[in-house]
Each structure stands twice: as structure tokens, then as C-alpha cells.
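Asks: Starting off with a structure, shown below.
The values are calculated or read from the model by the stated rules, or taken from the named source; none is laboratory data. Values in this document were obtained by computation on a predicted structure and should not be read as measured data. Note that each Cβ is placed from the backbone with ideal geometry, even for glycine, and that neighbours are counted across all protein chains shown. These accessible areas exclude ligands, DNA and RNA; they are computed on the full protein's heavy atoms, side chains included. Shrake-Rupley method; radii C 1.70, N 1.55, O 1.52, S 1.80 Å.
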Amino acid sequence: MARIVAFLTRTRAGKGRMDWTDWVTYGYLLFGIVLMFGPVAWLLLSSFKTGAELERFPPRLLPVAQDTLVVESYDEPLPLFKMIAGDQEGRTLAQIRRVGLIAQMVDPAEPETRLKVNVADREPIERIAFAWNNYTDLFERLNFPLYLWNSTAITLTATAIMLVINSMAAFALSKYKFRGKLTVLALVIGTLMVPGTVLLVPTFLLVSQFGMVNTLWGVIIPGAATPTGVFLLRQYMITIPDEILDAARMDSASEWKIFWRIIIPLSAPAIAVLAILAIMWRWNDFLWPLIVLSENDKFTLQLALNSFQGEFLTDWEKLLPATVLTLLPVAIVFMFLQKYIATGIASTGGK
Amino acid sequence: MLKLLNPIMRLVEIPFLLVQKRLGIGMTAWLFLAPNLALFSLFTFLPIILNFSYATTGGEAILLRDRPDVGFQNFGNLLECENVLDPSSCRNDLFWRAVWNTVWFVVFQVGIMVIAALATAIVLNRKIRARGLFRGVFFFPVLLSPVVVALIWKWILQRNGLLNAGLESLGFETINWLIERHWAFFWSTFISIWAHMGFYTLILLAGLQAIPQDVYEAALMDRASPWRCFRRITLPLLSPTLLVVLVLALIKGVQTFDEIYAFTGGGPGSATTLIMQFIYETGFGVQPRLLGVAAAAAIMLAMVLIFLTALQFWINRKKVDG
Amino acid sequence: MANIELRNVVKRFGALEVIKGVDLRIEHGEFCVFVGPSGCGKSTLLRMISGLEDITGGEVLIDGKPVNNVSAAERGLSMVFQSYALYPHMSVRQNLSFGLENVRTPKDVIETKVRDVATMLQIDQLLERRPKELSGGQRQRVAIGRAVVREPLGFLFDEPLSNLDAELRVEMRGEISSLHRRLGNSMIYVTHDQVEAMTMADKIAVLRAGLVEQYGRPLELYNRPANLFVAGFIGSPKMNFLEGRISADAQTEIVLDSGERLNVPAGKFSGGPDQRVTIGIRPTDLDLSEDGIRLDVGGVEQLGGESHIFGTTADGRKLTLHAQGQTPVAIGEEIRISVPSDRMHLFDTQSGKTLLSA
């Protein structure tokens, strides 16, 4: 107990030698890396494995593929084996077909002679190989590009709409004095209390009344007026000095121009944070699209991924690369904008 | 790039100029509010009211005028129970299973997650190399979509997966993790913690960093042991943040849906069906679509959430005042 | 060029009356300073003239035309703000040209005007910089430049020098004065610093609690303050005040609370017997003498060229005396001072109004 306790607390700063609490600290961090990144890395490695390799138990760490060779008079490339016992020991043979425990093999050097060998006498010749075709297949044979497009369209449109209307509202609520302002603020705070998840049924009614069921707009519009976004931006805009606005008014700028030319550029940091958050929310959104979008050709990536996993049989060969592609944009954004995201999420308290 | 928007901006400016000239600058505020407020009213305020209409009507129709009024029957049916602790004695046993699943889920998920987040935040707050990197490592899963989280772990936990391979190489029996109810529940809780812990770590880390360093230095001069430093300085000074984190985690925990739905689909049986999934499936997932029952359940959930949110506001206020 | 007139101007925020009926007339080309303690409403009054603040009652006229319902953008005035209020995301050039663009000035005209103003204010080397890359003085120049470039009818300054250090403040004071001489526009300048008011103004309006206490030329205010407040506010060092009453027997004699007596020339003041009065006398106007008011010296500051003596009268009032040259007076001594009757100010204690007969 005492050990855990000691490592939970700080130590003196600036000492040269690592003491045991430092070892525990770095041990914890190492464990953290394995636990947090390990599964993602495993997904990534697995996504490059061939179907046969995915079925293999126990699995191997790296994606491995059997060497193949095009042999004269056979259309398909044939898998290569090294003979480790029996008559042909030491030779490299290509397999034509396998029947039970006996395999028909051929020596690539003399394609005319067929050899029959015991499958126990041979070992596949393998090398590390990334099955890129798992990925290309997604684009060539599946609807993946369509899902990608749906997700991208929803994410970008919804983010753009949200940024514009939220920043307009935030401007009104931060820089104007008008009758009814407190009421509006109270209403907005009130909606912070009621999460959208409990309004599914009536919101669905409205969306269907507007004929937006099974359209991308049905996903985009209802969530565009987030109270979170209004608040985040308002808190930032309040810090812009009123005198700058007054100066612009003296400079004959219209209120809209003040918003567009002064407030928006000056709120850029907050807007950037909100933009990143909004992109994340929309890209990862699941429940609402699940309710609104019922037809396959309108599915977002998240819905498609979920539908790829069958009730009994899951086609991991497609699912794994599709999962990787779905998390890729998030991972890229994360790598470049980690700091922004961290502060943004900490300041809004998520959504 | 922005130049392209200029003609649009000129166009948008016109109504603002008109309002500004005719009605004064104060009224332009309403114009700025209008789009957001319109969507708000339509998709938030109106649904809040409509939710009650749905909850008190029955049938499968979507349009309210086609729905017969049933009063509080939806609520009554959901709550009708001989013994609430035993879902099979209830009229709607799935509801009560979902309720109890959610209760246990939230207890474990929030409890373990907050402790783990606290430990992680304390580790990250030490003088370590590459703190930014490590902070990122723990935070990264927060950004993953729930479906991706579910699939990542499903792939590890599947019958021929990495975990079973590890067990076998150590000489243990392999386990069908998501088919056995207790294991399915365990892993559901686990992935939920895995996915969200980083967020709370971040908040707690900010809280820790707000504790002035000189307090620790003073304690060191007083020869306080590390344990005492933690008990008597870190915990009390961090407790407001800790409370906020706790309530926030509760609010979100109660609403958990996506990752568990994609992970287990609520199964095996109803072992991992949470309350949000019950609402979704009752209203949208399976036939017949009992929108009234779903709305009634949603209202009951909302009451719990509003209570928790009010608690959070209250704590926040106290934090500010204190 | 414009004259600006305020007629019984009132401003209320809810139930709170901030400006309580102000009448002023600023002739064109005049440099008018609003001065007063913080919270007196001087900035609010300026903002009402600018159009940034609504006018609750009364009228503001520019060149004889009421502008109550004319927006700030269209009143043809420009303003220099206390915090400069430069657009942080724009370069100096963009800061200067923003207003001109808003009124659709042709590009080449903007270019010329910006260049001319920048040269005049010696900021032509800074045109491509952002405000945060400028020093306080440079920002001040840009803020003034932004006001000048639009060639307004009049300028409004809202405590523009309060963010500068003392040395720079003196320098900018001179520059604004010379700018006024060069442009010849009407200017209204708000400050709480009476030194700025005295040095720059053609006319000063002393404000207190939403009312104009006195409006006039700087020396007029100094020499003939209309009331106790103006007397105490204008002039540095601050005026000394003594309490007393007009003698019942002789109109030309005042009995101080200490029992000492002062003679005043007949006819200079109006006031009845036994009236409570406050006598004001500037520290520089007091003389050391053989007889006169007794003062217990509590502190002496020898500055070489002049000496400041701080003392207490017999009835416990603090009094300051500034004497030319060096003084032999030391702490703890008891001295006598005389009050020259021609430099004396007399106020009715109750109303604070001056008793100086016109």
C-alpha cells in the first residue's frame, strides 16, 4: 500500500538519479502505452493480413503471406513450399492442389512433372507481406466510397452550418444588450440540461414531418444548434473588448461587418477548437444517424461498419481495413492538433 | 479564399443594414440569434413538449393525431412490478433488466474509471519526460468513434483472437468472452472505461496543475510523508474537480449506448442491454415501434439526468464561490 | 468643421440617472475638455455625442441639426479610445483604411490618404506591422491616425493618454495640441487629469455626478472657480480650504473657526452676516509673515528651487504652503502665514457656490 501511495504523490523536483517511484511511474506509463495503443496497433497490423492468416490460431504478430510463383501452363500463381522430409527433401515445389493429406506439387523448373507428396513433409515459404488489396477491395468492390462520401458530406456541412449559426448567436449573446437576452440565455442553459438522447422520439417525428428521414439533411439539421457551441464561443467573445466594436461603429462598419470582419477573425482560436470538436462529434456520431438513415446507400461510415459485422459471421477481412480507414482521419487530426483538442474538450466538458 | 465569400457577405449584410437603420442596433441581435434560435425551438424546445404527448399516447403511429390517448398507462406499464429487484416479476421485464444493467454498469464504470483517471493524472503530473506524448497516449481513445472502439476490442476478444491466444500460450482454457454473460458485461464496462478515461484524466490533470507548487514545498519543509501530502493536500484541493468529474461521468455513463450496442448488441440475451438501448429498440429498433413507451422511458431517464445536471451546476457554483 | 451643441441632455440606465441635464456649446475649431473625477459621466456624455450611446432625453446637435437618431457611423465624428481599440488582426495600414473602405472610398484615394496621414504622424514605417508589434506611443499614433484619415467633422478623445507613461504623456499632449492647430477641427477630449485639461483646452467643462459644474476657459476656471468643487479640482497643488463665518459686525471681516480673523476687501464678495463660509487659497498664494494665521509645521520638503511646508491650523485643518526658494522653517516650529485678500476665494459652505461678486 505504502508503495502505491508514494508513487501517487509527487517527489522532489530536479534530482539527478531515478529513484524507485520514477521506475513505477515509467512502468505505469509503459503499461498505459501498451493498453491504449496496443489494441489500435493490433488492428492496424491485422488489417493487412490475408483472409487465411486472419483465421489462423494462434495469430502471428506480423502479416505474413505465402510466396507464390507463376508456373508455365497454370493460370493462377501457385503457392510455394519447401520440402523438409521425404523423397523430395530440400526442393522448392509449387502446389497445384491438395486432396486430404496428399498434395499435388510441381517443380517450377520442370512444370511437366507432377509430384505427389505428404502434406506433413513440407513447409510453406512465407515472407512478411502487407495485403494492400484488403484496402483496395474496399474501394473497388464495396460501397465504401459511398459511405466515406456520406460521412464526409455530413461532417463538413454540419460543421459549417453549426459554426456559422452558433457564432452568430454567441455574438448576439455576448456583445449586445437587448430585452429578452436573459430569457434566451436561460433557455439555452436549460437545453444544456436536457441531452438530445432523451428527445429521440419527438425529434424523429419532426424530421419525418419535414421529409428528411433517410436523407443526409435529417442527420445534419437537428444537431446544428448546439448549446455547447454557443457557450464555448460566447465565453470567448465576451473577452473581446467592446471598444473595438465601438471603434468599428465609428468607422461606419455595419453590425454584420463587425461580426464578419472583426469578431470572427478575433474569435478564430475558439472557432478552431469548436470546428475540431464538431468534426469529431459528427464523424463519430452513431445513434442519430442510426435512427434517421435506414437505407444502405445513405449509411455513414459508422453505420456501415456496424452493419458489416453480421449476426453470426463477421467478415473481418473487410471490417478491419474499413475500421482503420474510419479512425484514420481522427488519428491524423489528433496528431496535428492534440493540444487544441485537449484544451477544447477540457473547456467544454465534452458534449 | 475569403474573397470569394465577399458577394455572399454583401448579400447577407442587407437585412442587417435594414434592421440596424430602421429598428436600431439592439434589434440586430435578434437577427443574429434567429437561425440558431429557430433550430433550437424546432429541434429542442418543441421536442421537449412533444415528448410528453408521445409518452401519454399509445399505438404505433408516428403522427400524434393518429395516436390514442392512454394517459399515464405507458409509465404505469413500465413501472408495474411485483419486486423491482427481480425483473422477471415485472410486466416489462426488459425495461427493468436494462435499468439494473445500467445501474451496475454505471457503478463499476464510473467508480473504476474515476480512480484510474486520478491515478493516471497524478502520474502525468509528475516530472516526467515527454509528458505531452504520454498525455496524448491516454487521451487518444477518447477521439475514436464508439463503433471503432467496439470493433477494435471485438477483434481482440473474438474466439481466435489475441487474448485467447495469450491465454492458451500460458496454458489456460480459451474463453468465449462475448458469449458468456458475465464476461460480456465485464468487457462492456472495460471498453467503456478504456474509451472515456482519457477525458476525465485531462480534467483531473488540469485540476492538479492548478494546485500551487509551493503548498507541496511547504509540506516538504514540514517533513510530510508522500502519503500525507496526498491525503492532506492533493485530495482536499482536488476534491471539487473530482466531484465534477464524478457527476459528469455519471451523466454520461447513464446515457451509454453506441459502443455497447456495436460491441455486444446488448447480448448475450439482455445481459448488456442498457437503458438507452431499451429506448432505441422500443421506439425504433424492433417491430412494433412503441414510441409512447420509448418516450415514457426517455422522460424517466431525463429526470435522472436533470437531477444529476442540477447537481453538477450546484457543485460548479460551490466551486466558484469557494 | 462643426459646432456641437448639447441641449438639456439626459442619460438614464434603468432608474439610475447618469447625466442629469447638460447644456454645452462647442464652437467649431474649439478644443473642449471634459474633466471630472471617475464616475462623473464624462465618458458617457462623450459616447452620447459619438452616437455609441442612446440619448435618453434632450438633444445633441451638430451644426444645428439634431442627431439623436443618427447612428454613430453617420454623425461624421471620429473617436480615439482609451485602450486605442486597434483591430488586433489587421496591419496598421488595414486599421487606417478599414473605415474608408466601409464608406466605399476608391482604392487609390484610400492609398493616398493613408500615406499622407501616416507621414504626418510618423508611422509610415510601421504600416505593415500588427498592433501588438507596436509600442504604446506608436499605437496611440495609429489610433489617432485612424481618426484623422476619415477627415471627420470633429474628433472625440476618450482618455487617450491614460495608458501611457508620464514622459510619453507629456509628449503626446503636445502632439495632440499641435494636431488640433494644424487640422483646426472641433475636438472634445475627456480626461480625469486636470493638468491635461489646463494645458490643452480652449474650454473646459468640469463635470461632477452628471452635471456640468463650470464651463469656461482654463484660466477663468483657475482664477474664478464657480464653486468649491471646481476650486478643489482645478489647479495643482490643490487649493487649501479654511472654515469660518462672516463676522456679524463687520462685512469685511471673517472669523475663522480657530478664532482668528481675516480681512476681506469691501465689495469683492457678497454675503450676509453670520453666513458660514469656506475660504479657499492656493498654496502658492500663501505668504510667511510676522502675524496672521498660526500654523504648526508638521513637514517640510525642500526641493531647492521651492519649498513645501505642511502644517495644521489651530482648529486642526491641514494647510499646505508653497514658498519660492529655500526656507529656514523646520518641523515642529510654529509659524504665521498671511492670506492675501486679492487671491482669496470665498464660498458659501452650505451650497458650495462662490461668493465672489461678478
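Asks: For region B:263-293, which residues satisfy the criterion of being small (Gly, Ala, Ser), within 21 Å of A:LEU293 (Cβ to Cβ), assigned to a loop (DSSP other than H, G, I, E, B) and open to solvent by 10 Å² or more (accessible area, probe 1.4 Å)? Break it down stepwise before answering.
Replies: If we filter region B:263-293 for residues that are small (Gly, Ala, Ser), which is where we start, we get B:265-267, B:269-271, B:283, B:285, B:292.
Going one step further and asking which of them are within 21 Å of A:LEU293 (Cβ to Cβ), we end up with B:265-266, B:283, B:285.
Adding the requirement that they be assigned to a loop (DSSP other than H, G, I, E, B) leaves B:265-266.
Across region B:263-293, the qualifying residue is only B:GLY265.
Asks: Shifting gears a bit: Across region B:31-70, which residue is farthest from the other protein chains (Cβ to nearest Cβ) among those that are surrounded by 15 or more Cβ atoms within 10 Å (Cβ to Cβ) and of a type in the set (Phe, Trp, Tyr)?
Replies: B:PHE45
Asks: Another one. Within region C:119-129, identify whether any single residue is touching a Ser or Thr at 6+ places or on another chain (Cβ under 8 Å), of a type in the set (D, E, K, R), surrounded by fewer than 22 Cβ atoms within 10 Å (Cβ to Cβ) and at pLDDT 90 or above, and answer yes or no.
Replies: Applying the first criterion (touching a Ser or Thr at 6+ places or on another chain (Cβ under 8 Å)) to region C:119-129 yields C:127-129.
Adding the requirement that they be of a type in the set (D, E, K, R) leaves C:128-129.
Filter once more, keeping what is surrounded by fewer than 22 Cβ atoms within 10 Å (Cβ to Cβ): C:128-129.
Remaining after also requiring at pLDDT 90 or above: C:128-129.
Yes.
Asks: Could I ask something else about it? Determine the pairs where a residue that is in a strand (DSSP E or B), located within region A:72-93, has a partner that is aromatic (Phe, Trp, Tyr) with Cβ atoms under 8 Å apart, the partner being 6 or more residues away or on another chain.
Replies: Once the first residue is in a strand (DSSP E or B) and sits in region A:72-93, its partners that are aromatic (Phe, Trp, Tyr) give A:THR92/A:PHE81; A:LEU93/A:PHE81.
Asks: Considering only region A:270-292, how many residues are free of Cβ contacts under 8 Å to residues at least 40 places away in the same chain and more than 7 Å from every other protein chain (Cβ to nearest Cβ)? Before you say what the answer is, go through the steps one by one.
Replies: Step one: list which residues in region A:270-292 are free of Cβ contacts under 8 Å to residues at least 40 places away in the same chain, which gives A:270, A:286, A:290.
In the following step, the residues that additionally are more than 7 Å from every other protein chain (Cβ to nearest Cβ) were identified as A:270, A:290.
The qualifying residues number 2.
Asks: Going through region A:262-281 one residue at a time, which ones are crowded, with 22+ Cβ neighbours inside 10 Å and within 17 Å of the chain's Cα centre (by Cα)?
Replies: Once the filter is applied, which keeps residues that are crowded, with 22+ Cβ neighbours inside 10 Å and within 17 Å of the chain's Cα centre (by Cα), region A:262-281 yields A:LEU277, A:ALA278, A:MET280.
Asks: Looking at region B:88-106 only, could you name the residues that are open to solvent by less than 70 Å² (accessible area, probe 1.4 Å) and farther than 18 Å from B:LEU301 by Cα?
Replies: Within region B:88-106, B:SER89, B:CYS90 meet the criteria.
Asks: A further question follows. Return only the number of the condition from (1) free of Cβ contacts under 8 Å to residues at least 60 places away in the same chain; (2) open to solvent by 10 Å² or more (accessible area, probe 1.4 Å); (3) part of a loop (DSSP other than H, G, I, E, B) that C:LYS132 does not satisfy.
Replies: Status for C:LYS132: all satisfied but (3).
Asks: Can you give me the number of residues within region A:125-153 that are surrounded by 15 or more Cβ atoms within 10 Å (Cβ to Cβ), in contact with a Phe, Trp or Tyr (Cβ under 7 Å, 6 or more places away or on another chain) and not hydroxyl-bearing (Ser, Thr, Tyr)?
Replies: 6
Asks: Out of region C:204-232, which residues are in a strand (DSSP E or B) and aromatic (Phe, Trp, Tyr)?
Replies: First, the residues of region C:204-232 that are in a strand (DSSP E or B): C:204-208, C:211-216, C:227.
Passing the criteria: only C:TYR215.
Asks: Sticking with this structure for a sec: Restricting to strands (runs of 3 or more DSSP E) lying wholly in region C:236-319: which have 3 or more residues that are under 30 Å from the mean Cα position of the chain (by Cα)?
Replies: C:240-246, C:276-281, C:293-302, C:306-313
Asks: Pick out, from region A:154-256, the helices (runs of 4 or more DSSP H) lying fully within it that include 3 or more residues that are within 14 Å of chain C (Cβ to nearest Cβ) and either open to solvent by less than 10 Å² (accessible area, probe 1.4 Å) or closer than 30 Å to B:ILE251 by Cα (or both). It would help to see each step written out before you state the result.
Replies: On the way: elements: A:181-193, A:200-209, A:216-220, A:227-237, A:242-250.
Qualifying helices (runs of 4 or more DSSP H): A:242-250.
Asks: OK, next. Checking the condition among the aliphatic types (A, V, I, L, M), farther than 21 Å from A:MET162 by Cβ and over 39 Å from the mean Cα position of the chain (by Cα), which residue from B:ILE14, B:ILE49 passes?
Replies: Numbers: B:ILE49 fails: over 39 Å from the mean Cα position of the chain (by Cα).
It is B:ILE14.
Asks: All but one of (1) assigned to a helix (DSSP H, G or I); (2) open to solvent by 70 Å² or more (accessible area, probe 1.4 Å); (3) touching a residue at least 12 places away in the same chain (Cβ under 8 Å) hold for A:ARG98; which doesn't?
Replies: Every listed condition holds for A:ARG98 apart from (1).
Asks: Related question: Give C:SER162, C:SER178 a once-over and let me know the one that is in a loop (DSSP other than H, G, I, E, B) and exposed (fewer than 15 other Cβ atoms within 10 Å of the Cβ).
Replies: Details: C:SER178 fails: in a loop (DSSP other than H, G, I, E, B).
Of C:SER162, C:SER178, the one residue that is in a loop (DSSP other than H, G, I, E, B) and exposed (fewer than 15 other Cβ atoms within 10 Å of the Cβ) is C:SER162.
Asks: Which residue, of C:THR320, C:THR349, is open to solvent by 40 Å² or more (accessible area, probe 1.4 Å), within 20 Å of C:PRO225 (Cβ to Cβ) and in contact with a helix residue (DSSP H, G or I) (Cβ under 9 Å, 6 or more places away or on another chain)?
Replies: Details: C:THR320 fails: open to solvent by 40 Å² or more (accessible area, probe 1.4 Å).
Result of the check over C:THR320, C:THR349: C:THR349.
Asks: Identify, by number, the condition in (1) crowded, with 24+ Cβ neighbours inside 10 Å; (2) within 24 Å of the chain's Cα centre (by Cα) that C:ARG146 doesn't meet.
Replies: Tallying (1) crowded, with 24+ Cβ neighbours inside 10 Å; (2) within 24 Å of the chain's Cα centre (by Cα), C:ARG146 fails exactly one: (2).
Asks: Does any residue in region B:152-170 that is facing chain A (nearest Cβ under 7 Å) and more than 15 Å from A:GLU55 (Cα to Cα) come within less than 7 Å, Cβ to Cβ, of a residue that is open to solvent by 40 Å² or more (accessible area, probe 1.4 Å) and not acidic (Asp, Glu) six or more places away or on a different chain, and which pairs are these?
Replies: Correct list of pairs: B:GLU168/A:PRO58; B:GLU168/B:THR174; B:SER169/A:PRO58.
Asks: Could you tell me which residue of region A:23-71 is least open to solvent (accessible area, probe 1.4 Å), considering only residues that are assigned to a loop (DSSP other than H, G, I, E, B) and within 9 Å of chain B (Cβ to nearest Cβ)? Full working, then the answer.
Replies: In the first step, residues of region A:23-71 are kept if they are assigned to a loop (DSSP other than H, G, I, E, B); the result is A:47-50, A:56-63, A:67, A:70-71.
Among the residues that remain, those that are also within 9 Å of chain B (Cβ to nearest Cβ) are: A:56-59.
Working: A:ARG56: 100, A:PHE57: 65, A:PRO58: 67, A:PRO59: 32 Å².
Filtering first and then ranking leaves A:PRO59.
Asks: Could you list all residues from region C:71-88 that are of a type outside the set (Phe, Trp, Tyr) and within 15 Å of A:GLU243 (Cβ to Cβ)?
Replies: Going through region C:71-88, the residues of a type outside the set (Phe, Trp, Tyr) turn out to be C:71-80, C:82-83, C:85-86, C:88.
Of everything in region C:71-88, those that are of a type outside the set (Phe, Trp, Tyr) and within 15 Å of A:GLU243 (Cβ to Cβ) turn out to be C:ALA72, C:SER78, C:MET79, C:VAL80, C:GLN82, C:SER83, C:ALA85, C:LEU86, C:PRO88.
Asks: So, one more: Determine which member of the set C:SER83, C:SER43 is assigned by TED's automatic domain parsing to the domain that holds C:ILE144, on the phi < 0 side of the Ramachandran plot, part of a helix (DSSP H, G or I) and of a type outside the set (A, V, I, L, M, F, W, C).
Replies: Numbers: C:SER83 fails: part of a helix (DSSP H, G or I).
None of the others qualify; the one that does is C:SER43.
Asks: Let me ask you something else. Residue check, B:PHE105 against (1) of a type in the set (Phe, Trp, Tyr); (2) away from chain A (no Cβ under 14 Å); (3) more than 24 Å from B:PHE257 (Cβ to Cβ), all met but one. Which one?
Replies: It fails just one condition, (3).
Asks: Answer yes if at least one residue in region A:293-315 is over 30 Å from A:TRP42 (Cβ atoms) and open to solvent by less than 20 Å² (accessible area, probe 1.4 Å), and no otherwise.
Replies: Within region A:293-315, the subset over 30 Å from A:TRP42 (Cβ atoms) is A:293-295, A:297-298.
This time we only want the ones that are open to solvent by less than 20 Å² (accessible area, probe 1.4 Å), so: A:293.
Looking through region A:293-315, at least one residue is over 30 Å from A:TRP42 (Cβ atoms) and open to solvent by less than 20 Å² (accessible area, probe 1.4 Å).
Asks: Within region C:190-209, can you find the residues that are closer than 21 Å to C:LEU6 by Cα and out of contact with any Cys (no Cβ under 7 Å at 6 or more places or on another chain)?
Replies: To start, the set of residues in region C:190-209 that are closer than 21 Å to C:LEU6 by Cα comprises C:190-192, C:197, C:201-209.
If the condition is that a residue be closer than 21 Å to C:LEU6 by Cα and out of contact with any Cys (no Cβ under 7 Å at 6 or more places or on another chain), then C:VAL190, C:THR191, C:HIS192, C:ALA197, C:ILE204, C:VAL206 are the ones that fit.
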